[in-house]
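The values are calculated or read from the model by the stated rules, or taken from the named source; none is laboratory data. Remember, predicted model here, so these are calculated numbers, not experimental data. All Cβ positions, glycine included, derive from the backbone under ideal geometry; neighbour counts span all protein chains shown. In case anyone asks, the SASA skips ligands and DNA or RNA and just uses the protein heavy atoms, side chains included. Shrake-Rupley method; radii C 1.70, N 1.55, O 1.52, S 1.80 Å.
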Amino acid sequence: MSTPYDLVIRGGQLIDGTGAPMREADVAILGGRIAAVGPALGAGKEEIDARGLLVTPGFVDVHTHYDAQAAWDSRMHPSTWHGVTTAVMGNCGVGFAPVRTADRDKLIELMEGVEDIPGAVLHEGLDWSWESFSDYLNALEQRPRDVDLCAQLPHGALRVYVMGERATRLEPATEADIAQMRTLARDAAQAGAIGFSTSRSINHRTLKGDPTPSLRAGEAELTGIAMGLSDAGKGVLEYISDWDTPDPQTEFAMVRRVVERSGRPLSFSLAQRNTTPHVWRELLDLTDAAARDGLPIRAQVAPRPIGVLLGLQGSRNPFSVCPAYKAIAHRPLAERVTIMRDPAFRAKLLEESRSLAHGDVFHKRLAAYDRMFPLGERPDYEPPLSESITAHAQRAGCTPAEFAYDYLLKEDGRSFILAPFANYADGNLDVCRTMLDNPNTLMGLGDGGAHVSIISDASFSTYLLTHWGRDRAHGRLPVEQLVRKHTSVNARAVGLMDRGVLAPGMKADVNVIDFARLQVERPYMAHDLPAQGKRLLQSASGYVATVLSGQITYRNGQATAALPGRLVRGPQTAPA
C-alpha cells in the first residue's frame, strides 16, 4: 500500500478553528503542511487513531514571557504541555534587547521585578551574545524548540537603550529620542519582530522598586514608535495600563489616536479589578466602539481569576512579612515545616500576624482571607465564597489566620492558597464569560515563563476548554467557539495567517485531545532553572498528541525527540 502522507490523524472529531460545527474527518499531513482534510484519506507513514477524540489546531498563545527561558531551553514548559504550538513573548514592555553592555543589569532588575524571574537565574542563563534586537533574534534562532516563538520589541529595553539613565528617571523623550526609537522599531520589525509592547502600569517595578521606564511615556513617544512599525509596514502593538492617566476614557482616546495615526493593530490587557470592579466594562464598551469604527483594537482576556498562589514553597504566603517567618524563610522547606509545627513558634507567628493586620498594607493583601481559597488536589478556580479561608475558619471555630497556618502545613508544606485579585470581585467568573464571548477579545494573559514562584497560569488553554466547554454548571460556551478563540482568532490578530485553522495548505500544528479526560493538574514546584532556581509548573492530562509542523512533539503528555519549532520572523502570509 502506498503511503502518500507523512502523518494521518484518523477519524477524529474535527474542530477546525473556524468556529464551524464539529465533524468527523481525517487530517493528512505532508512536508509540515496539512495536505488534506476529509473522510477516508490515504495512508500515512505514521498514523494516529483519533476515533472518539477531538482534533484541533495547535493553540496560539499571544501573551508569554519566555524571553529569557528561550535563550537556554528548547522546551517551553509549561505552555507546551497545554497544547500551545505558537507563543508570542516580549509582552508588557520587558525583555532583553536592544541592550548595551552597561545596561544588562538594569534589564535583569526590571524583568525580576515585573515578571518575578529571579536575577540569579537570569545572570546564569543569559549569555548576552547580542546588542541589537536583530542580534537577539539571531541568537534565538540557533536553538531547536518544541514551539514556534514570536518576539516583540519591549519598550523598557528600547527606552533605556536610547535614553540611558534619563529613561529610568522617567524623563520625557526628546524629538531626537523619538526619532531614534522610531528607526529602531522599524529595524526590529524588518528583522522579524512580531510587534512592540509597552507598559504604563505603576505595578510594574524593578526589583529595587523603581517604576518601569515606560510608565510615563507620552503620546508623542508612543506614536513615534508605532510609526516605526508603520514605516516597516508590519507589526502589532501590545499595551498594558492602569487606565488612570487621568481616567479610562482619556487614555483610551489616546490609544485610539495612536492606532489611527499608525494603522497598526493593538491589543491591551483587560481584567476586572477587585478594587475598581466596573472599569473593565467601560473599557470593553470603548473597544467595541472602536471596532465599529473599523479600528483594529482588541482586548486580551483571561478565562479564570488572575491572582497568586500562596504557599511555603513559593515566594509569598500570608505570613511572609512577619519577623518570625522572615528569620526562617531561607531554610529548606522541610526545616520550615518542622519549625512551624512547634506550638510555641505557631503562637508567636500568629501573634505577629495579628499585630501587622492593623498597619502593614502588604500584610493585609497577603491576609485578605475572605477572598482566599484552598486550591485543593483538583484545582478549583471558581470556588464559591462559602469555601473561602474565612468561611472554613468559621466552620472550624478558629481564626482565619489559624486555619491558613494549619492548611499551609498540610502535605508537608506543599499546599497552595488561591488569592485572586482580578476577575473575582463578584465571587464567580461571570465577567470572564462576558469577556470571552465578546468578538473583540483575544484569549491571553497566561504569562508563561513569568511569575515563576507565585502563579501558574500557562494552563489557561486547557482550563478554557475544560471549564467553559465542559464542566461549568451553567453558562458554558460552545467548544468550537473556544477553540476558534485560541487558534485562528489569536493567530490572525498578530498577523500569522498560515496557522490556526485545519485546512489544506495551512501549517500542520495540531492537538489530539481526549476531551472527557482533559484536566488541569495540580501545580508543583520544580528546581530546574539555571542557578538551581525554582518555578511553579502545572501539567495536564488528556492531550493524546501535539503535532508541530507535522511532527509529533508530545504523546500523552510526554515529550518526543522532535524539536521542529522555530523563530517566526514577523507576520506570515496565508497559503495560496
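Remark on region 184-274: Rg and Dmax equal 13.5, 41 Å (Cα only). When a 1.4 Å probe is rolled over the protein heavy atoms, the share of accessible surface on the chain that falls to carbon and sulfur comes to 51 percent. When +1 charges are put on Lys and Arg Cβ atoms and -1 charges on Asp and Glu Cβ atoms, the dipole computed for the chain relative to its Cα centre reaches about 380 debye.
In order along region 46-61, the phi-based Karplus estimate (6.51 cos²θ - 1.76 cosθ + 1.60, θ = phi - 60°) of 3J(HN,Hα) comes to 9, 9, 10, 7, 9, 4, x, 10, 7, 10, 10, x, x, 7, 10, 9 Hz; Gly and Pro are listed as x.
Roughly what % of Cα-Cα distances in region 209-360 sit above 28 Å, to the whole percent? Of the Cα pairs, 46 percent sit more than 28 Å apart. One decimal place: the segment Thr245-Ala20 gains 76.8 nm when fully extended, by the rule 0.36 nm per residue minus the C-alpha distance.
Annotated for the chain: lysine pairs at least 8 residues apart or interchain, Cα distance under 25 Å, count 17. Here the extension length gained between Ile202 and Arg378 equals 59.9 nm, from 0.36 nm per residue of separation less the Cα-Cα distance. Dimensions of region 297-431 based on its C-alpha atoms, expressed as ranges along the principal axes with the largest first, amount to 53, 33, 32 Å. Taking the Cα of Arg476, stepping 7 Å toward and past its beta carbon, and measuring to each backbone N in region 446-468: which are under 13 Å? Residues 465-468 qualify, since their backbone N sits under 13 Å from the label point.
Per residue, the accessible area of region 435-574 comes to 31 Å², computed with a 1.4 Å probe over protein heavy atoms only. Remark: region 414-458 is approximated by an ellipsoid whose semi-axes, taken from the C-alpha gyration tensor as √(5λ), come to 23, 16, 7 Å, largest first. Size of region 464-576: Rg and Dmax of its alpha carbons, in Å, are 16.4, 48. Direction-averaged projected area, Cα convex hull, region 40-92: 5.5 nm², rounded to one decimal. Here, region 354-409 is characterised by an Rg to Rh ratio of 0.98, where Rg is the alpha-carbon radius of gyration and Rh the Kirkwood radius. Between Thr183 and Thr275, residue separation times 0.36 nm minus the direct Cα-Cα distance comes to 29.2 nm. Model label points for Lys348 and Leu170, set 7 angstrom from Cα along the Cα-to-Cβ axis, are 4.0 nm apart. The calculated FRET efficiency for the pair Ala561 and Ala357, based on their C-beta separation and a Förster distance of 51 Å, comes to about 0.45.
When each of the peptides 56-67, 330-341 is scored by how many other beta carbons lie within 10 Å of its residues on average, the order from highest to lowest is 56-67, 330-341. Protein-only accessible surface at a 1.4 angstrom probe places the residues Lys534, Lys208, Lys507 in the order Lys208, Lys534, Lys507, largest first.
The modelled label-to-label distance for the pair Met254/Trp72, using points 7 Å beyond Cα in the direction of Cβ, is 3.7 nm. Surface analysis of region 1-156 yields an accessible area of 32 Å² per residue, using protein heavy atoms and a 1.4 Å probe.
Labels on offer are (1) 52; (2) 43; (3) 47, and the one holding percent of Cα pairs over 33 Å apart computed from this structure is (2). Here the contact order of the chain, divided by its residue count and restricted to Cα pairs under 8 Å and six or more residues apart, works out to 21 percent. Once backbone amide H atoms are built at 1.01 Å from N, Leu567 has Leu149 as its partners under 5 Å, excluding neighbours fewer than 5 places away on the same chain. Modelled label positions at Arg216 and Glu411, each set 7 Å beyond Cα in the direction of Cβ, lie 4.6 nm from each other.
From the largest down, region 70-176 spans 44, 27, 23 angstrom on the principal axes of its Cα atoms. A simple packing score, the average count of other Cβ atoms within 10 Å per residue, orders the peptides 399-409, 33-43, 305-315 as 305-315, 399-409, 33-43, with the highest score first.
Ranked by the mean number of other Cβ atoms within 10 Å of their residues, highest first, the peptides 99-108, 461-470 fall in the order 461-470, 99-108. Averaged per residue, region 172-211 has 45 square angstrom of accessible surface, using a 1.4 angstrom probe with ligands and nucleic acids left out.
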